[in-house]
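Following: one structure in structure tokens, then a few remarks.
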Amino acid sequence: MITYVTTVLKMDSSVGLTAVLVGQACAVVTIPLFALLADRIGRRPIYVVASVATIVWAFVFFALVDTRSPGLIMVAVAGGLLIFAAYSSVIGAFFAELFPTEVRYSGVSLAYNLASVLAGSLAPIIAIGLYAKFGTGYAIGAYLAVMGLISLVASLIAKETKSVDLGSVAGKGEEEVRASVE
């Protein structure tokens, strides 16, 4: 955000920094609130809504930022970080509950870290390339929307596990061990 504000919009870095600080403050407050909501309605609905919000906000974000209005830039960043807060509030439990206990740590660790490395490290490079090629933040917005769509499809395929006893999410090997013990 700070790079976009200073390099593309030719504004002072304090505008981007302030927007990020305000957005992070919003995220810090809302992460536990989203987590409480997820405990009531499930992790999957929060993840689905965050994915849809990503698809929409990807374009709204650049429309707001490109106004060069510091207030609207803050709204754009705060909105994006609220979506981040929704994802962050459920990702640990949501991912953990998808794997049987015998492979839970490995499954979550592998999925989370591979996604972080592949998506997190490549996203800025892809964003710079898209802006260089198309000369507009909307190209980056389209990329973000595609990532949101991938998250949406994945979350719709995944099972809701809010009310599932994690002991019952056992793999074949664990069931055999339980049967032999009983």
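Listed values, structure above:
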quantity: Cα gyration tensor shape of region 97-152, rounded if a/c is under 1.5, else prolate or oblate by comparing a/b with b/c; calculated: oblate
quantity: Helix axis angle, 121-134 relative to the chain longest principal axis, alpha carbon, degrees; calculated: 40 degrees
quantity: Rg to Rh quotient for the chain, alpha carbon positions, Kirkwood Rh; calculated: 1.07
quantity: Highest-fluctuation residue, A93, A115, A58 considered, GNM on the chain with Cα pairs under 10 Å; calculated: A115
quantity: Helix axis angle, 13-41 relative to the chain longest principal axis, alpha carbon, degrees; calculated: 30 degrees
quantity: Highest-fluctuation residue, F84, F62, F134 considered, GNM on the chain with Cα pairs under 10 Å; calculated: F134
quantity: Principal-axis tilt of helix 70-96 within the chain, Cα atoms, nearest 10 degrees; calculated: 10 degrees
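Laboratory data are not the source of any read-out in this text; all were calculated from the coordinates shown. Keep in mind the model is a prediction, meaning the values are calculated, not measured.
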